[in-house]
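Here the structure is laid out as structure tokens; the discussion comes afterwards.
The values are calculated or read from the model by the stated rules, or taken from the named source; none is laboratory data. Treat the numbers as computed from the prediction; the structure is a model and nothing was measured. Here Cβ is always computed from backbone atoms with ideal geometry, including for glycine, and neighbour counts include all displayed protein chains. Ligands, DNA and RNA are excluded from the accessible area calculation, which covers all protein heavy atoms including side chains. Shrake-Rupley method; radii C 1.70, N 1.55, O 1.52, S 1.80 Å.
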Amino acid sequence: MGVFQLWLISLVTIPFLCSLESVNGIGANWGTQSSHPLPPETVVRMLTDNGIQKVKLFDADYGALKALGKSGIEVMVGIPNDMLATMASSMKAAEKWVSKNVSDHINNNVNIRYVAVGNEPFLSTYNGTFLKTTLPALQNIQAALIKAGLGPKVKVTVPQNADVYESSTGVPSSGDFRTDIHDFMIQLTKFLNENGSPFTVNIYPFISLYIDSNFPVEYAFFDGNAAPVNDGGTTYTNMFDANYDTLVWALQKNGFTNMGIIVGEIGWPSDGDRNANNQLAQRFMQGFMSHIAGNKGTPLRTGPIDAYLFSLIDEDEKSIQPGNFERHWGVFSYDGQPKYALNLGMNNAGALIPANGVKYLQKKWCVMKDSARLDDPSIAQSVSYACALGDCTSLGYGTSCGDLDARGNVSYAFNSYYQKNDQADEACKFPNVSTITKEDPSKGTCQFNIMIVPYYGGANRSFQSIWSFLLGLVMFLLL
């Protein structure tokens, strides 16, 4: 097995301003797994201010779709994996979903162009859970769109992880669909192609670096510093091009030569791992934007690349099972502030424009008492509790708060829980070891955040933080 093959398998199994040519409509993923989401109207304004012309949702959030009305932004709405079985088994359910989540919003001037049926349903770690429901769900949603008169305008697609294809020799020209799901992929891709729908794939060079300590760092970026890989005379100097063209080869070999491709997710996290920081994230994201500018395409397929950056805003309630970095993919932080300089080539500013009108809670923090001792028996228990219900993913080796001492780590945990619970006094009453301060404890690259004012835009969200706090209080009392 060649070195390039290892890199490819590794990939698929899982501050400067510059002049930039206009990109053909860059998109962004807008996730909503946040304890304190920005108001949808604020996010849409942020999208338009930054010239982002397309947005991909992971569900059909009513507030987000309502705010997108009349914006002109192209929208991809999503059907989560846990709904695939229902959509597959009931045409009536599919028609009802399309009516409520597509037709109604199009009638209110939301520019919905795609429905993403599932999200990476054939991921190898799912062990075939969604293999038998994805295509039937896709067929029913397509039929429902046609019945609603939306067939020509709204296309279906299935965002896939890059592990659905592989290379037997390690170079792109040997690309084909994964052996264990080959027949499923042919059936699904054939249906998409016959209906004029694109193949959507998520490509993550960062994951290669995360899971393989021997992965050559330079090959993840677009600077041309990596040792080139030769594939029958075609040279590759970055992992993105090689992976993208592996898919192109897989499609060609199975009779889908001219099928459109969407890069549904591509990005780099800024925290939560030694290779996740603002410097590397800025290097990758700016490199990618420069790489696709001018619509040069890849060695095998020239022309514009249709891509959605992952992601727009950090989400502090995402699962960290894949890694602590999962909560730090945004090019904007939780409060809509840019993390680093990034020129999308879509506005005159040449830089990211922050969210407007963001309101914060008071400038106060919950920290460890000066009089408290680290060997106090309640410290470990309190930190464990605070991190379980707060967000401590910025703590650890190589992270933005990796240089804090033990007392700093405790204070960070306490403050995370305190801010997430809207600075409620009861959220800083860890027994005899915590106190509220008005002196900012931030140090170096480690920011002790102040939470934004909660957005009460809907019934679910209006009580979200209250119920979260009450549940946490009960758990703490039990402990």
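In order along the range 373-382, the phi-based Karplus estimate (6.51 cos²θ - 1.76 cosθ + 1.60, θ = phi - 60°) of 3J(HN,Hα) comes to 10, 5, 8, 4, x, 7, 4, 4, 5, 5 Hz; Gly and Pro are listed as x.
Accessible area per residue was computed with a 1.4 Å probe on protein heavy atoms; residue 373 scores about 150 Å².
When its C-alpha radius of gyration is set against 2.2 N^0.38 Å (N residues), the range 221-262 gives a value of 1.31. Normalising by residue count, the range 257-355 has a Cα convex hull of 121 Å³ per residue. For residue 211, neighbours were defined as the other residues whose beta-carbon sits under 15 Å from its Cβ, and their charges (Lys and Arg +1, Asp and Glu -1) total -3.
Given all pairs of different Cα atoms, what value in angstroms does the Kirkwood hydrodynamic radius of the range 98-224 take?
Numbers: mean 1/r = 0.0602 Å⁻¹.
With all distinct Cα pairs of the range 98-224 included, I get 16.6 Å.
In the context of the full set of protein chains, residues of the range 195-318 present 31 Å² of accessible surface per residue (probe radius 1.4 Å, heavy atoms only).
Quick one: net charge around residue 238, please, counting Lys, Arg +1 and Asp, Glu -1 for every other residue with C-beta under 10 Å from its C-beta.
-3
With R₀ set to 35 Å, the beta-carbon distance separating residue 453 from residue 126 gives a calculated FRET efficiency near 0.40.
Summing Cβ point charges (Lys, Arg +1; Asp, Glu -1) relative to the Cα centre of the range 365-449 gives a dipole of roughly 40 debye. Karplus-based coupling profile of the range 198-208, in residue order and whole Hz: x, 8, 10, 9, 9, 10, 9, x, 4, 4, 4, with θ = phi - 60° in 6.51 cos²θ - 1.76 cosθ + 1.60 and x standing for Gly or Pro. Solvent exposure of the range 322-410 amounts to 46 Å² per residue of accessible area, where only protein heavy atoms count and the probe is 1.4 Å.
Over all Cα atoms in the range 372-424, the spread is summed up by Rg and Dmax: 10.9, 31 Å.
Give me Rg over Rh for the range 281-320, both radii from the alpha carbons and Rh done the Kirkwood way, two decimal places.
Across the range 281-320, the Cα-based Rg/Rh ratio is 1.12.
Would you mind checking the pairs 96/155; 92/253; 54/339; 190/318; 96/153; 153/339 and listing those with alpha carbons more than 27 angstrom apart? The answer is 92/253; 190/318; 153/339. The fraction of accessible area contributed by carbon and sulfur in the range 179-220 is 48 percent, rounded to a whole number (1.4 Å probe; ligands and nucleic acids excluded). Dividing the summed -39500 (n - 2.57) terms of all DSSP H runs of n ≥ 4 by the residue count of the chain sets its mean residue ellipticity at 222 nm at -10000 deg cm²/dmol. For the chain, the Stokes-Einstein estimate of translational diffusion at 37 °C and a viscosity of 0.692 mPa s comes to 139 µm²/s, using the Kirkwood hydrodynamic radius over alpha-carbon pairs. Residues whose amide H comes within less than 5 Å of that of residue 160, counting only those at least five positions distant or on another chain, are 120, 200, 201, 202 (H built at 1.01 Å from N in the peptide plane). Computed over neighbours whose Cβ is under 11 Å from that of residue 314, the net charge equals -4, Lys and Arg +1, Asp and Glu -1.
Residues of the range 112-170: accessible area per residue at 1.4 Å, in Å²?
36
Relative contact order of the range 97-156, taken over Cα pairs closer than 8 Å and 6 or more residues apart, is 43 percent.
Normalised by 2.2 N^0.38 Å, with N the number of residues, the alpha-carbon radius of gyration of the range 393-457 equals 1.16. Couplings 3J(HN,Hα) of the range 25-32, computed from phi: x, 5, x, 8, 8, 10, x, 10 Hz, in residue order, whole Hz [Karplus 6.51 cos²θ - 1.76 cosθ + 1.60, θ = phi - 60°; x for Gly and Pro]. Treating each Cα of the range 187-250 as one equal point scatterer and applying the Debye formula with no solvent, the log10 of I(q)/I(0) at q = 0.15, 0.26 Å⁻¹ comes out as -0.59, -1.11.
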